[in-house]
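The values are calculated or read from the model by the stated rules, or taken from the named source; none is laboratory data. All values reported here derive from a predicted model rather than from experimental measurement. Cβ placement follows ideal geometry from the backbone for every residue including glycine, while neighbour counts extend to all protein chains displayed. Please note that ligands, DNA and RNA were not included when accessible areas were found on the heavy atoms of the full protein model with its side chains. Shrake-Rupley method; radii C 1.70, N 1.55, O 1.52, S 1.80 Å.
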Amino acid sequence: MENTNTLYQHGTLELLVDGLLDGTMTMKELLSHGNTGIGTGEGLDGELIILDGVAYQVDSHGKVNVVNDSFTMPFATVHQADFKDFIDVSNLLMSDFEKEIVNQANANNTFFAVLTTGTFKSIKTRAVAKSKKPYPTLVETAEKQSVFERENTTGTLLTYYSPELFNGVGVSGCHSHFLADDHQFGGHVLDFELEQGNSQLQILDTLIQHLPTDSTDYMQHNFDNSQTAEAIEKAEK
Ligand SMILES: [Zn+2]
């Protein structure tokens with residue numbers, strides 16, 4: 001297990017952009033590196049959120065499933081939770097919430113995680129459907145994403161912040177996944193209106209970037225023509 005300053009990532013967002021979607025790490029192995037995180041399954045099989053060592057998948061039907069140890073992923077990020085008291089938040093749109101946590105964390109040049117529990121007047125999420133080989137690119141998949149909306153829900157929002165330098169490694173700026181308290185709703189967060197909540201903060205100063213070197217597709221892929229920044233803007237924000 002890594003220490004609590006460390007963000008552990010398997011795969012990169014760039015690899016998803018180019019449609020390298022084979023599952024190259026098991027959930028069992030991922031959880032050995034942290035108990036909190038986000039990711040996606042093989043073929044972009046839903047949106048993952050890991051809380052207290054339990055991995056939940058929001059599938060393309062909007063259903064929340066607990067993921068077993070043998071579930072595999074092309075891309076996931078975890079860390080060991082050690083959140084500290086941060087701020088109370090109320091009446092914020094997603095864009096204002098992100099500005100607020102970035103301002104208050106005052107840590108633009110490093111990674112950090114924010115765990116927010118609270119009530120949302122409305123929240124909009126997405127999950128994509130699993131695709132099979134030959135895999136489409138991230139942008140092609142995202143065009144077919146399912147979007148879910150809910151009003152007046154309580155739940156947990158897990159946000160990771162990455163510095164701009166790491167766009168392509170992950171999503172620069174804020175990237176949030178959500179799980180409702182009743183486990184009937186969640187996913188990659190597109191928008192919300194937060195009524196009130198409490199945010200906790202964990203600053204991370206080390207990135208362990210693990211790459212899928214057992215994957216021939218990955219090792220032989222040519223990333224020269226990747227339109228990574230444009231694709232991230234289209235597919236993830
Ligand atoms: Zn996401």
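Quickly run through the range 22-43 and pick out the residues that are away from the ligand (no atom under 14 Å from the Cβ), open to solvent by less than 30 Å² (accessible area, probe 1.4 Å) and touching a strand residue (DSSP E or B) at 6+ places or on another chain (Cβ under 9 Å). I'd like the intermediate steps shown before the answer.
Our first condition is that a residue be away from the ligand (no atom under 14 Å from the Cβ); within the range 22-43, this holds for 22-36, 42-43.
Keeping just the survivors that are open to solvent by less than 30 Å² (accessible area, probe 1.4 Å) gives 23, 25, 27, 30, 33-34, 36, 43.
The answer is GLY23, MET25, MET27, LEU30, HIS33, GLY34, THR36.
Select from the range 222-237 the residues that are part of a loop (DSSP other than H, G, I, E, B), open to solvent by 60 Å² or more (accessible area, probe 1.4 Å) and either touching a residue at least 24 places away in the same chain (Cβ under 8 Å) or within 16 Å of the ligand (Cβ to nearest atom) (or both) and list them in ascending order. If you could, list the steps in order and put the result at the bottom.
So the first thing to find is which residues in the range 222-237 are part of a loop (DSSP other than H, G, I, E, B), and the list is 222-227, 237.
Subsequent filtering for residues that are open to solvent by 60 Å² or more (accessible area, probe 1.4 Å) retains 222, 224-225, 227, 237.
Within the range 222-237, GLN227, LYS237 qualify.
Would you be able to tell me the number of residues in the range 144-165 that are farther than 18 Å from GLN202 by Cα and either within 15 Å of the ligand (Cβ to nearest atom) or not hydroxyl-bearing (Ser, Thr, Tyr) (or both)?
The first filter runs over the range 144-165 and keeps only residues farther than 18 Å from GLN202 by Cα, leaving 144-155, 164-165.
Within this subset, residues satisfying the condition of being either within 15 Å of the ligand (Cβ to nearest atom) or not hydroxyl-bearing (Ser, Thr, Tyr) (or both) are 144-152, 155, 164-165.
Total satisfying the criteria: 12.
So in the range 44-73, with the set limited to residues that are among the polar types (S, T, N, Q) and without any contact (Cβ under 8 Å) to a residue 60 or more places away in the chain, which one is least open to solvent (accessible area, probe 1.4 Å)? Outline the logic, then answer.
So the first thing to find is which residues in the range 44-73 are among the polar types (S, T, N, Q), and the list is 57, 60, 65, 68, 70, 72.
Cutting the leftovers down to without any contact (Cβ under 8 Å) to a residue 60 or more places away in the chain gives us 57, 65, 68, 70, 72.
Numbers: GLN57: 17, ASN65: 35, ASN68: 94, SER70: 85, THR72: 40 Å².
Step by step, filter the range 44-73, then rank; the result is GLN57.
So, THR4, is that one open to solvent by less than 10 Å² (accessible area, probe 1.4 Å) and under 21 Å from LEU201 (Cα atoms) or not?
Judged against the criteria, THR4 is not a match.
Taking the residues in the range 191-219 that are open to solvent by 50 Å² or more (accessible area, probe 1.4 Å) and under 13 Å from MET94 (Cα atoms) as candidates, determine which candidate is nearest to the ligand (Cβ to nearest atom).
Taking the candidates together, the pick is ASP191.
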